[in-house]
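For reference, the structure discussed in these notes is given below.
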Amino acid sequence: MSLQNRMTMSVTAKSGNEAFIRGAAAAFCVPLNPTLETINDIKTAVSEAVTNVIVHAYDEPEKNLIHIEAELFDDSLSIIIRDDGRGIADVGQAMQPMYTSKPEKERSGMGFTFMQTFTDELEVTSAVGGGTTVKMKKYIRSR
């Protein structure tokens with residue numbers, strides 16, 4: 001498995017940038033000729049990770065950044081979504097279906113569940129006061 005391409009970017013953590021990041025990640029894997037289903041899986045997983053940053057990481061998201069790194073290999077796409085926000089005290093609890101730290105915002109608590117469903121590998125690390133890193137890998141099934 002050899003590295004084909006690499007991308008890094010940081011954008012303001014505002015909701016309007018979620019679609020941009022999702023689209024950039026999907027477009028980045030196009031050289032591998034992915035199926036439409038694979039592209040949609042990537043877009044969904046990235047959207048959930050970015051939305052988690054916007055909703056949960058910062059008190060004032062529009063004044064902070066989301067950091068994105070992507071690596072394209074012969075057979076897969078690896079994406080890292082990272083923030084420098086408040087962090088998660090209990091990652092295991094946060095990854096449970098239906099868990100949300102913001103019930104007043106009527107969040108479904110399914111973000112990590114969707115990330116797990118639509119990627120082949122998911123790793124979440126976090127430190128209270130030190131931000132959260134979500135690493136996702138999706139194997140590309142070419143058309």
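The values are calculated or read from the model by the stated rules, or taken from the named source; none is laboratory data. Note that the coordinates shown come from a computational prediction; the quantities given were computed from them, not determined experimentally. All Cβ positions, glycine included, derive from the backbone under ideal geometry; neighbour counts span all protein chains shown.
Structure values in brief
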{"quantity": "Residue match in segment 79-102 (condition: surrounded by fewer than 19 Cβ atoms within 10 Å (Cβ to Cβ), under 22 Å from residue 120 (Cα atoms), within 15 Å of the chain's Cα centre (by Cα) and modelled with pLDDT of 95 or more)", "calculated": "yes"}
{"quantity": "Top-ranked residue of segment 43-78 - restricted to ones that are buried (at least 20 other Cβ atoms within 10 Å of the Cβ) and either β-branched (Val, Ile, Thr) or free of Cβ contacts under 8 Å to residues at least 24 places away in the same chain (or both), ranked as farthest from residue 142 (Cα to Cα)", "calculated": "54"}
{"quantity": "Residues satisfying the stated conditions in segment 115-138, i.e. outside any strand (DSSP E or B) and small (Gly, Ala, Ser)", "calculated": "129, 130"}
{"quantity": "Output for segment 25-37, where each listed residue is of a type outside the set (Ser, Thr, Tyr) and either surrounded by fewer than 16 Cβ atoms within 10 Å (Cβ to Cβ) or free of Cβ contacts under 8 Å to residues at least 12 places away in the same chain (or both)", "calculated": "27, 30, 31, 33, 36, 37"}
{"quantity": "Residue check, residue 40 polar (S, T, N, Q), part of a helix (DSSP H, G or I) and surrounded by 16 or more Cβ atoms within 10 Å (Cβ to Cβ)", "calculated": "no"}
{"quantity": "Enumeration of residues in segment 17-52 that are closer than 12 Å to residue 66 by Cβ and modelled with pLDDT under 95", "calculated": "51, 52"}
